[in-house]
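Written out below as structure tokens is the structure these notes cover.
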Amino acid sequence: MRDPINFLDHVVECPGRFQETDLGNNLVQHDPAPGEVVQEGTPLNAANMNLLDTAALQAIMLGSLNVSFLRQLSDKVEAQAGEQIEVTLTNTQQYPFNNSNKAVQLGTNRNKKNYTVLVEILSSEGGGVGEIIISNKLLNGFQIAYTGAASSVTVNCIVQGGF
């Protein structure tokens, strides 16, 4: 960052005063006659204007970088908030056997398979749930199952990351 220019107004004793000179042939010339200069103003020249132009360009570039950074940050926050999917798993076999494995499709495909699936059990019927197992992660989905004797288990899956 650079120091500001701090423009100064050009202040004179008699602003707007002109001396009239007759040039003949009905021509008149008006020349400024400001009197004494009270304060010398900052020149409006290429050097000063280029500094302003450069500062404006730097501000635009910095703003663009900030927008890019905020978009990346927003994507990360969104990824941490996660996608919620409610799944009902059913088991038609008698314990200790279990056929509750189910494929779950993600609403938003991931770029990597390193996403996390958090599971919250909402309800169960017909016995204990046992463990919840997440397996076979793909970019567009995963498989989920439970190990217990329950005939039905409803879970809320929160998928985070993988972008």
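The values are calculated or read from the model by the stated rules, or taken from the named source; none is laboratory data. Please read these numbers as outputs of a predicted model, since none were measured by experiment. Quick reminder, even Gly has a Cβ in these numbers, built from the backbone with ideal geometry, and neighbours come from all protein chains shown.
Taking into account only those residues within the stretch 130-163 that are aromatic (F, W, Y) and either outside the structural domain of S100 (by TED's automatic domain parsing) or within 35 Å of the chain's Cα centre (by Cα) (or both), which is modelled with the lowest pLDDT?
Per the criteria, the residue is F163.
Go through (1) surrounded by 11 or more Cβ atoms within 10 Å (Cβ to Cβ); (2) within 36 Å of the chain's Cα centre (by Cα); (3) of a type outside the set (A, V, I, L, M) one by one and return the number of the condition S100 breaks.
Of everything listed in (1) surrounded by 11 or more Cβ atoms within 10 Å (Cβ to Cβ); (2) within 36 Å of the chain's Cα centre (by Cα); (3) of a type outside the set (A, V, I, L, M), S100 misses just condition (2).
Anything in the stretch 99-110 that is modelled with pLDDT of 95 or more and either assigned to a strand (DSSP E or B) or in contact with a strand residue (DSSP E or B) (Cβ under 8 Å, 6 or more places away or on another chain) (or both)? List them, or say none. Don't jump to the end; show me each part of the working.
If we filter the stretch 99-110 for residues that are modelled with pLDDT of 95 or more, which is where we start, we get 99-106.
Correct list: S100, N101, K102, A103, V104, Q105, L106.
Can you report the number of residues in the stretch 44-79 which are assigned to a helix (DSSP H, G or I) and either touching a strand residue (DSSP E or B) at 6+ places or on another chain (Cβ under 7 Å) or among the aliphatic types (A, V, I, L, M) (or both)? First the steps, then the outcome.
Just the residues of the stretch 44-79 that are assigned to a helix (DSSP H, G or I), to begin with: 46-79.
Subsequent filtering for residues that are either touching a strand residue (DSSP E or B) at 6+ places or on another chain (Cβ under 7 Å) or among the aliphatic types (A, V, I, L, M) (or both) retains 46-47, 49, 51-52, 55-57, 59-62, 65, 67, 70, 73, 77, 79.
Within the stretch 44-79, residues that are assigned to a helix (DSSP H, G or I) and either touching a strand residue (DSSP E or B) at 6+ places or on another chain (Cβ under 7 Å) or among the aliphatic types (A, V, I, L, M) (or both) number 18.
For the stretch 114-129, which positions are within 13 Å of Q143 (Cβ to Cβ) and modelled with pLDDT under 95? Don't jump to the end; show me each part of the working.
Kept after step one, since they are within 13 Å of Q143 (Cβ to Cβ), are these residues of the stretch 114-129: 117, 119.
Those that are within 13 Å of Q143 (Cβ to Cβ) and modelled with pLDDT under 95: none in the stretch 114-129.
For the stretch 80-89, what are the residues that are in a strand (DSSP E or B) and surrounded by 14 or more Cβ atoms within 10 Å (Cβ to Cβ)? Write out each step before concluding.
Restricting attention to the stretch 80-89, the residues satisfying the condition of being in a strand (DSSP E or B) are 83-89.
Result: E83, I85, V87, L89.
Over 30 Å from R2 (Cα atoms), assigned to a loop (DSSP other than H, G, I, E, B) and at pLDDT below 95: which single residue out of G41, G35 fits that description? Before you say what the answer is, go through the steps one by one.
On the way: G41 fails: over 30 Å from R2 (Cα atoms).
Going through G41, G35 in turn, the sole match is G35.
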